[in-house]
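The values are calculated or read from the model by the stated rules, or taken from the named source; none is laboratory data. Not measured: the values here are computed from a predicted model. With ideal geometry, Cβ positions are generated from the backbone for all residues, glycine too; neighbour counts draw on all protein chains shown. Remember, those area values only see protein heavy atoms, side chains included, never the ligands or the DNA or RNA. Shrake-Rupley method; radii C 1.70, N 1.55, O 1.52, S 1.80 Å.
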Amino acid sequence: DTTNNLMADVAGNIRYYGANPNNYIYFNCSDYSNQTSSTCETWRIIGVFEGKVKIMRGSQIGTYSWDSSASDVNSGWGVNEWSQADLMKLLNSGYESESVGGSLYWNAKSGTCYNGRNNVTEACDFTSAGLKNDTTRNIIAETTYYTRGYNYSNVYVDTMYDKERVSGTVINATPPRTLTWTGKVAIPYPSDYGYAADLSLCKQTLLKYDNSTCRANNWLKNIITNNDGNDGWLLTPDSEIAYGAWFVGLSGYVNYNYVAYYANGVAPVLYLDSKLVIGSGTGSSSAPYQLTVNG
């Protein structure tokens, strides 16, 4: 559907693509009975996967380590196992006992977060940027995310989608790397970024998405990286080193070997409960979709 910038990916999932598709949606609202730019954040719809709508925050929540570690673990460079990663614990519930970062975004709290090698921290405050209430938390679907790794970025997006889910591998390291993670809040896949481009115009491999045409026709580019000059984290680990993860560089290219402790941009993604329906809105930036939410 070129009118609404919708396309099917290699697996048949429906995705929004192009420079500025009508995929805006109000979410994380203080008042779901009166959804406006004052009561809600504006998120973007990535697409529909197995009947669930996947959305992404319309701006970063800050720059944080994917993971950091003590100096005696991978030289303090972090561990690329998402189920134990510092960033995962920051975004999700159940980690309130962690002295640094634990569930601060989930609970809209302030504290300290990891942002450097050897478990270096900084002050962080999610009282405004975090999830506002239980109504919002309860409409996020628990979902299985795929955490297979790969270590070659000069690859087309259809292949990358397969590597993330089916044929990618993980490094043999301690702790053992897992192939999936089940939870609520994560960050984008490399393929999410790849499919957000208009593939009729951007015919590059992910490594070459810094092509000016690719950058100009990918709505996700200016969210996952931003004008503050930071790169953006992706979910997929490097399959050959114990502390590397995929990222989007400021110029738009995608690569796999960023050290996990680096403080890069974080734009949360999540899936909405499949029972939710869109009650109004056109999806444009001036009239985002509005969810019908009870409670």
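Data overview
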read-out: Extended-chain gain in nm, criterion 0.36 nm per residue less alpha-carbon gap, A70 and E96; value: 7.3 nm
read-out: Kirkwood hydrodynamic radius over Cα pairs of the stretch 114-270, then Stokes diffusion coefficient at 25 °C and 0.890 mPa s, in µm²/s; value: 149
read-out: Principal axes of the stretch 162-217: Cα extent on each, largest first, Å; value: 41, 25, 17
read-out: Inter-probe distance in nm under a simple model that places probes 7 Å from Cα toward Cβ, at S167 and T213; value: 2.6
read-out: Accessible-area composition of the stretch 1-70, carbon plus sulfur, in percent [1.4 Å probe]; value: 45
read-out: Burial order of peptide ranges 152-158, 262-268, 221-227, 247-253 (average beta-carbon count within 10 Å, highest first); value: 262-268, 247-253, 221-227, 152-158
read-out: Dipole of the chain [Lys/Arg +1, Asp/Glu -1 at C-beta], most positive-end residue of G168, G102, L90; value: G168
read-out: Sequence-distant residues sharing a close amide H with V53 (under 5 Å, placed H); value: L272
read-out: Highest-MSF residue in the chain out of N115, N74, N22 [GNM, Cα springs under 10 Å]; value: N74
read-out: Additional length obtainable on full extension of the chain from T282 to N133, 0.36 nm per residue less Cα span; value: 51.1 nm
read-out: Tensor-based shape of the stretch 224-263 (alpha-carbon gyration tensor, a/c under 1.5 rounded, otherwise prolate or oblate); value: prolate
read-out: A8 paired with N107, simple spin-label distance in nm, labels 7 Å along Cα-to-beta-carbon; value: 4.5
read-out: Value of relative contact order over the chain, rounded to a whole percent, pairs C-alpha under 8 Å and six or more apart; value: 24
read-out: Formal net charge of residues neighbouring Y256 (Cβ-Cβ distance under 13 Å; K, R +1; D, E -1); value: -2
read-out: Sequence-distant lysines (8 or more away, or on other chains) whose Cα lies within less than 24 Å of K54; value: K89, K132, K163, K184, K221, K275
read-out: Of G18, G94, G47, the one that fluctuates the most in a GNM where the chain has Cα springs shorter than 10 Å; value: G94
read-out: Among V73, A196, V185 the positive-end extreme of the charge dipole of the chain (Cβ point charges); value: A196
read-out: Debye, to nearest 20: dipole size of the stretch 197-295, +1 on Lys, Arg Cβ, -1 on Asp, Glu Cβ; value: 260
read-out: Around R177: net Lys/Arg minus Asp/Glu count, Cβ-Cβ under 12 Å; value: -2
read-out: Helix-derived mean residue ellipticity, 222 nm - over the chain, DSSP H n ≥ 4, -39500 (n - 2.57), to 500; value: -2500 deg cm²/dmol
read-out: Accessible area (Å², 1.4 Å probe, nearest 10) - T143; value: 10
read-out: Stokes-Einstein translational diffusion, the stretch 16-68 - Kirkwood Rh over all Cα pairs, 0.692 mPa s, 37 °C, in µm²/s; value: 256
read-out: Candidates L104, L207, L276, ranked by Gaussian network fluctuation over the chain, Cα under 10 Å, top entry; value: L276
read-out: For the stretch 35-172, convex hull volume per residue from C-alpha positions, Å³; value: 148
read-out: Mean separation of Cα contacts under 8 Å (6+ apart) over length of the stretch 198-295, as relative contact order %; value: 20
read-out: Using θ = phi - 60° and Karplus 6.51 cos²θ - 1.76 cosθ + 1.60, couplings along the stretch 86-97 (whole Hz; Gly, Pro as x); value: 4, 5, 4, 5, 5, 8, 10, 7, x, 10, 4, 6
read-out: For q = 0.13 Å⁻¹, Debye-computed log10 I/I(0) when each Cα of the stretch 82-136 counts as one equal scatterer; value: -0.28
read-out: Dipole in debye (nearest 20) - the chain, about Cα centre, beta carbon charges: Lys, Arg +1; Asp, Glu -1; value: 400
read-out: Accessible area (Å², per residue) of the chain, counting only protein heavy atoms and a probe of 1.4 Å; value: 40
read-out: For the chain, share of DSSP beta bridges that run antiparallel, in % to the nearest 5; value: 90
read-out: The chain shape via C-alpha gyration tensor axes, a/c threshold 1.5; value: oblate
read-out: A19-D228 pseudo-label distance in nm [points 7 Å out on the Cα-to-Cβ vector]; value: 2.7
read-out: Gain in span if fully extended, A123 to S37, counting 0.36 nm per residue against the direct Cα distance; value: 28.2 nm
read-out: J(HN,Hα) series, the stretch 226-240, from Karplus relation 6.51 cos²θ - 1.76 cosθ + 1.60, nearest Hz, glycine and proline x; value: 8, 6, 6, x, 10, 6, x, 6, 10, 6, 6, x, 5, 8, 10
read-out: Calculated from backbone phi, Karplus (6.51, -1.76, 1.60) coupling profile of the stretch 244-250 in Hz, x at Gly/Pro; value: x, 9, 6, 7, 10, x, 3
